[in-house]
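J.: A single structure is presented below for examination.
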Amino acid sequence: MVLGPQSTDLPKLQLKPGRWTVGSAATCSYRVVGAGIQPRHALLLCAGNTIVLKSWDPRTWVNGEQVRGEIKLSGGDRITFGSVDF
């Protein structure tokens, strides 16, 4: 699965097996800077064809629904971290 931002300012992220941190901190696997993005905003867990998003901040949405805790992602899902859409 590829996480492709709506903005051309950010690169696409090819999600390979492993743990991917998302946030504004320089130590994150995928650094996203924008309004409402926390230093450690979310975690993506990738294993085989399964991708789980764990939200660490309430400003995380999948398909317009706020993520509380974690959610399994599917191809074509629209993800929003703070003000940044994917």
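J.: Between beta-carbons, use under 15 Å as the cut-off and find the net charge around ARG68, counting Lys and Arg +1, Asp and Glu -1.
T.: Once all neighbours under 15 Å are counted, the net charge is 0.
J.: Something else: I want the antiparallel fraction of DSSP beta bridges within the range 9-86, as a percent rounded to 5.
T.: In the range 9-86, approximately 90 percent of DSSP beta bridges are antiparallel ones.
J.: Determine, for GLU65, GLU70, the number of other Cβ atoms within 10 Å of each Cβ, and report the residues in order from fewest to most. Don't skip to the answer; put the middle values down first.
T.: Numbers: GLU65 9, GLU70 13.
Fewest to most other Cβ atoms nearby, the residues stand as GLU65, GLU70.
J.: I've got another one for you. Summing Lys, Arg as +1 and Asp, Glu as -1, what charge do residues with Cβ under 14 Å from the Cβ of LEU45 carry, LEU45 excluded?
T.: +3
J.: Here's another thing I want to ask about it. Taking the Cβ of each residue in VAL22, VAL67, VAL32 as the centre, tally the other Cβ atoms inside 10 Å and list the residues starting with the fewest. Write down the numbers at each step before the final one.
T.: Values: VAL22 29, VAL67 21, VAL32 24.
Going from least to most buried by this count: VAL67, VAL32, VAL22.
J.: Give me the distance between the Cα centres of the range 4-34 and the range 47-76, rounded to whole Å.
T.: 14 Å
J.: Chymotrypsin sites (Phe, Trp or Tyr not before Pro) within the range 13-75: which are DSSP loop residues with at most 16 other Cβ atoms inside 10 Å?
T.: TRP56
J.: If you don't mind, another one. Report, by chain and number, residues whose modeled amide H sits under 5 Å from the one on GLN38, excluding near sequence neighbours (fewer than 5 apart, same chain).
T.: For GLN38, whose amide H was placed from the backbone, the distant partners under 5 Å are SER24.
J.: How high is the relative contact order of the chain? Use alpha-carbon pairs under 8 Å, at least six apart in sequence, and give a whole percent.
T.: 25 percent.
J.: Here's another thing I want to ask about it. Could you tell me the calculated FRET efficiency between ARG68 and SER29, based on Cβ-Cβ distance and R0 = 22 angstrom, to the nearest 0.05?
T.: 0.50
J.: With the cut-off at 1.5 for a/c, could you classify the chain from its C-alpha gyration tensor as rounded, prolate or oblate?
T.: rounded
J.: Could you pull out the trypsin sites (Lys or Arg not before Pro) across the chain that fall in loop regions by DSSP (anything but H, G, I, E, B) with no more than 15 other Cβ atoms inside 10 Å?
T.: Here the trypsin sites (Lys or Arg not before Pro) that fit, given the DSSP loop and packing criteria, are LYS12, ARG40, ARG68, ARG78.
FYI, it's all coordinate maths here, none of it is from the lab. The structure presented is a predicted model; accordingly, all values stated were derived computationally and were not measured. Heads up, the Cβs are rebuilt from the backbone with ideal geometry, glycines too, and the neighbour counts pull from every protein chain shown.
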